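A short write-up of the structure that comes next.
The values are calculated or read from the model by the stated rules, or taken from the named source; none is laboratory data. Not measured: the values here are computed from a predicted model. Remember, those area values only see protein heavy atoms, side chains included, never the ligands or the DNA or RNA. Shrake-Rupley method; radii C 1.70, N 1.55, O 1.52, S 1.80 Å.
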Amino acid sequence: MSKQEMREEAERLIREAMAKKTVSIKQGDTRIETKCGKCGAINKVSAAPGQTRVEYHCKECGHKQKAM
Ligand SMILES: [Zn+2]
């Protein structure tokens with residue numbers, strides 16, 4: 001392998017790593033901070049990409065509700 005080829009290979013690996021990182025951020029769940037409608041506690045709920053309404057149980061009182 002020539003120096004030129006090694007340099008191209010290294011650049012390719014960096015590009016691939018960056019592409020994977022970008023994709024993983026896009027595919028990651030969205031963290032929603034929502035206030036419990038019953039006791040007012042702040043709950044952190046994770047939502048799938050594109051999902052706007054997430055059903056969850058309040059961590060403080062266990063009240064079942066939907067976050068938006
Ligand atoms: Zn609650």
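Between GLU8 and GLU33, residue separation times 0.36 nm minus the direct Cα-Cα distance comes to 4.6 nm.
Ignoring ligands, DNA and RNA, what percent of the 1.4 Å accessible area of the chain is carbon and sulfur? Ligands and nucleic acids excluded, carbon and sulfur give 53 percent. Averaged over its residues, the chain has an accessible area of 83 Å² per residue, based on protein heavy atoms and a 1.4 Å probe. Considering only Cα atoms, the convex hull volume of segment 3-67 works out to 75 Å³ per residue.
Estimated from helical segments only, the mean residue ellipticity of the chain at 222 nm is -13000 deg cm²/dmol, where each DSSP H run of four or more residues counts as -39500 (n - 2.57).
Within the straight-line cut-off of under 27 Å between alpha carbons, the lysines reachable from LYS66 are LYS26, LYS35, LYS38, LYS44, sequence neighbours fewer than 8 places apart in one chain being disregarded.
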